[in-house]
Amino acid sequence: MNIPTTLKHKPVILSENYENVDGRYAYQSDAKGLSLGLAQWNDRGKVDISAKVWRYTGEKWSRQSEELPLHRVLDLAILVCRTKQHFREAYRYEKLYDTENPIIDRVGLQGDAMTVAICTENERIDEDIKLFYQALSNDDELLGERLRTLSGILKEMGY
């Protein structure tokens with residue numbers, strides 16, 4: 001199934017078989033494709049590139065399809081990496097994080113820093129962090145494969 005090219009997001013680079021490799025949802029996913037293209041929010045004279053996850057309900061293209069600016073895609077990748085790094089050592093803490101200092105990292109970006117922290121405002125954080133940790137552990141092979149692939153590509157690019 002081809003993703004639409006007549007909508008506001010204009011695909012330039014795409015993966016139309018994403019449903020076959022969508023992690024644990026592979027071959028059963030409603031995320032049918034990924035694309036990089038011209039963002040739907042572009043104004044005359046201003047062009048941004050975005051990444052889009054294309055979802056299909058079986059009958060129509062879903063409104064739940066997501067479009068993100070490329071820097072946000074990379075920011076999410078940074079967040080995933082710092083999260084995985086935190087949970088490698090989280091077993092050292094009784095509650096899987098330092099309750100005295102819930103900030104995991106401050107990642108310097110554009111003259112400031114993106115704070116990566118445990119959401120202590122979550123009233124069920126003690127329970128939720130255990131569930132999160134277990135889910136992260138369950139997906140370790142899926143995530144590890146993608147991180148190794150990403151690492152190899154970044155090295156090829158000189159990063």
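Structural remarks
- Candidates in region 11-21 are the residues that are loosely packed, with under 15 Cβ neighbours inside 10 Å and either not assigned by TED's automatic domain parsing to the domain that holds S50 or not in a loop (DSSP other than H, G, I, E, B) (or both); of these, the one that is modelled with the highest pLDDT is N20.
- Positions within region 22-42 being out of contact with any helix residue (DSSP H, G or I) (no Cβ under 6 Å at 6 or more places or on another chain), within 13 Å of V53 (Cα to Cα), modelled with pLDDT of 90 or more and not charged (D, E, K, R), in sequence order: S35
- Single residue of region 141-152 satisfying the filter (surrounded by fewer than 13 Cβ atoms within 10 Å (Cβ to Cβ) and of a type in the set (D, E, K, R)) that is nearest to E94 (Cα to Cα): E141
- Test for A113: is it on the phi < 0 side of the Ramachandran plot and either surrounded by 14 or more Cβ atoms within 10 Å (Cβ to Cβ) or more than 15 Å from the chain's Cα centre (by Cα) (or both): yes
- Any chance T120 is without any contact (Cβ under 8 Å) to a residue 24 or more places away in the chain, part of a loop (DSSP other than H, G, I, E, B), outside the structural domain of V21 (by TED's automatic domain parsing) and hydroxyl-bearing (S, T, Y): yes
- Test: residue in region 97-108 that is in contact (Cβ under 8 Å) with a residue 40 or more places away in the chain and out of contact with any Asp or Glu (no Cβ under 6 Å at 6 or more places or on another chain): no
- Against the numbered list (1) exposed (fewer than 12 other Cβ atoms within 10 Å of the Cβ); (2) aromatic (F, W, Y); (3) in a helix (DSSP H, G or I), Y27 comes up short only at (3).
- Any hit, region 87-101, residues being farther than 30 Å from W41 by Cβ and among the polar types (S, T, N, Q): yes
Residues checked against (1) small (G, A, S); (2) closer than 30 Å to K10 by Cβ:
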site: D48; (1), (2): no, yes
site: E59; (1), (2): no, yes
site: S62; (1), (2): yes, yes
site: E66; (1), (2): no, yes
site: I104; (1), (2): no, no
site: V107; (1), (2): no, no
site: C119; (1), (2): no, no
site: E123; (1), (2): no, no
site: D139; (1), (2): no, no
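- Residue that is surrounded by the fewest Cβ atoms within 10 Å (Cβ to Cβ), among those in region 41-90 that are hydroxyl-bearing (S, T, Y) and not in a strand (DSSP E or B): T57
- Any hit, region 140-155, residues being part of a loop (DSSP other than H, G, I, E, B) and either under 29 Å from V21 (Cα atoms) or outside the structural domain of V21 (by TED's automatic domain parsing) (or both): no
- Scope region 63-96; condition touching a residue at least 60 places away in the same chain (Cβ under 8 Å) and either in the same structural domain as L34 (by TED's automatic domain parsing) or not small (G, A, S) (or both); matching residues: V80, C81, K84
The values are calculated or read from the model by the stated rules, or taken from the named source; none is laboratory data. This one's a predicted model, so the numbers in the text were calculated from it and none came from an experiment. In this analysis, Cβ positions are derived from the backbone assuming ideal geometry, glycine residues included, and neighbour counts consider all displayed protein chains.
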